[in-house]
Amino acid sequence: MINNLQDTITLQNGLAMPGMGLGVFQVENDATAEIVKNAIEVGYRSIDTAAIYGNEVGVGEGIKQALASTSLKREDLFITSKVWNNGLGYDETIAAYEESLRKLGLDYLDLYLIHWPGKNKYTEAWKALENLYEEGKIKAIGVCNFNVSHLQDLLKTARITPVINQVEFHPRLQQTELRSFCMEHRIQLEAWAPLMQGGLLEDETISKIAEKYGKSNTQVILRWDIQNGIVTIPKSVRKERMIQNADIFDFSLTDEEVALIQAMNLDKRVGPDPDEFDFVM
């Protein structure tokens, strides 16, 4: 379990990844540079973006500004992006990766993910990711929003097992079967929408736990992620909120409190179901 914001977990290929990072979903490109710069300056080392977010240019500018204002180097950061549904052919995936690098202004990515499985469109994309990885152009490769059936299908032909499966994960959607499958295959689970897009900020069960520790609901949920061995990437656009989100390493939930939160599961999504999601934009 990580014990501070810059602690890392070790992925199955040996790469160290920060156990907590910053997500920039739905952040406007023009605002992204300052947000990313602030995050890195307050201690975040992992930044998660995607081609479809439309803010890779801003992320890259924020990285550039942060490296100029601190003693950090590029290799001190962990940068993730994702290939969108319209780039899931082999050549399209290679081109999408190169375009993301161009927009980010980087020479390599630490982690590159297939954003959605679609209707079995990912086989050629995964071959492209494997080749990019073997050529040393990506430090690690993985997937997003893959259910057990998608992973089982991918593993039939994959030369390399995904190191990450980034999925919707929060107290109302605990992905029990998927989590067990990923643990069995040493695929690290990473949570998007860890706060259920704000849907748990007034939850009574979590509020009672938060009151005990003098913490917010957000902090309790993120602490629950950490204690469950889940990599988490909460989004925040305000510097003070970034600091608050990371202030979760001075307390621990008891086994009873963890069990109370586990009991909240309803298999309830706020995002699309991967078995049904297939649009191209």
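The values are calculated or read from the model by the stated rules, or taken from the named source; none is laboratory data. In this text, all values refer to a predicted model and were calculated from it rather than measured experimentally. Backbone-built Cβ (ideal geometry, glycine too); neighbour counts: all protein chains shown.
List of remarks:
- From the options ASP275, ASP247, ASP255, residue that is charged (D, E, K, R), closer than 28 Å to TYR53 by Cβ and at pLDDT 95 or above: ASP247
- Among the numbered conditions (1) touching a residue at least 24 places away in the same chain (Cβ under 8 Å); (2) closer than 22 Å to VAL231 by Cβ, the only one that ASP7 does not meet is (1).
- Residue, surrounded by the fewest Cβ atoms within 10 Å (Cβ to Cβ), within region 102-154, restricted to residues that are basic (Lys, Arg) and closer than 27 Å to ALA33 by Cα: ARG102
- If the condition is being without any contact (Cβ under 8 Å) to a residue 24 or more places away in the chain and among the polar types (S, T, N, Q), then region 193-221 contributes SER207, ASN217.
- Residues of region 90-108 classified as part of a helix (DSSP H, G or I) and free of Cβ contacts under 8 Å to residues at least 40 places away in the same chain, total: 9
- Among the criteria (1) surrounded by 14 or more Cβ atoms within 10 Å (Cβ to Cβ); (2) within 19 Å of GLN174 (Cα to Cα), the one ALA259 does not fulfil is (1).
- Scanning region 11-49 for residues that are surrounded by fewer than 22 Cβ atoms within 10 Å (Cβ to Cβ), among the small types (Gly, Ala, Ser) and in a loop (DSSP other than H, G, I, E, B) yields a total of 2.
So that you can scan it fast, the table gives a plain yes or no per residue for (1) polar (S, T, N, Q); (2) out of contact with any Pro (no Cβ under 8 Å at 6 or more places or on another chain):
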site	(1), (2)
THR176	yes, yes
ARG186	no, yes
ILE206	no, no
ARG223	no, yes
ILE226	no, yes
ASN245	yes, no
ALA259	no, yes
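- Residue match in region 156-167 (condition: modelled with pLDDT under 95, touching a Phe, Trp or Tyr at 6+ places or on another chain (Cβ under 8 Å) and not basic (Lys, Arg)): no
- Residue count, region 208-219 (criterion: under 13 Å from HIS170 (Cα atoms) and touching a Lys or Arg at 6+ places or on another chain (Cβ under 9 Å)): 1
- Filtered residue count, region 226-241, keeping only those that are in a loop (DSSP other than H, G, I, E, B) and either charged (D, E, K, R) or crowded, with 16+ Cβ neighbours inside 10 Å (or both): 7
- Residue that is surrounded by the most Cβ atoms within 10 Å (Cβ to Cβ), among those in region 184-225 that are aliphatic (A, V, I, L, M) and under 19 Å from ASP255 (Cβ atoms): ILE221
- Being assigned to a loop (DSSP other than H, G, I, E, B), touching a Ser or Thr at 6+ places or on another chain (Cβ under 8 Å) and surrounded by fewer than 17 Cβ atoms within 10 Å (Cβ to Cβ) holds for only one residue in ASP247, ASP267, ASP275, and it is ASP275.
- Against the numbered list (1) buried (at least 19 other Cβ atoms within 10 Å of the Cβ); (2) closer than 29 Å to ILE138 by Cβ; (3) polar (S, T, N, Q); (4) touching a helix residue (DSSP H, G or I) at 6+ places or on another chain (Cβ under 8 Å), THR161 comes up short only at (1).
- In the set VAL237, VAL220, VAL231, only one residue is over 18 Å from the mean Cα position of the chain (by Cα) and within 27 Å of PHE78 (Cα to Cα); that residue is VAL220.
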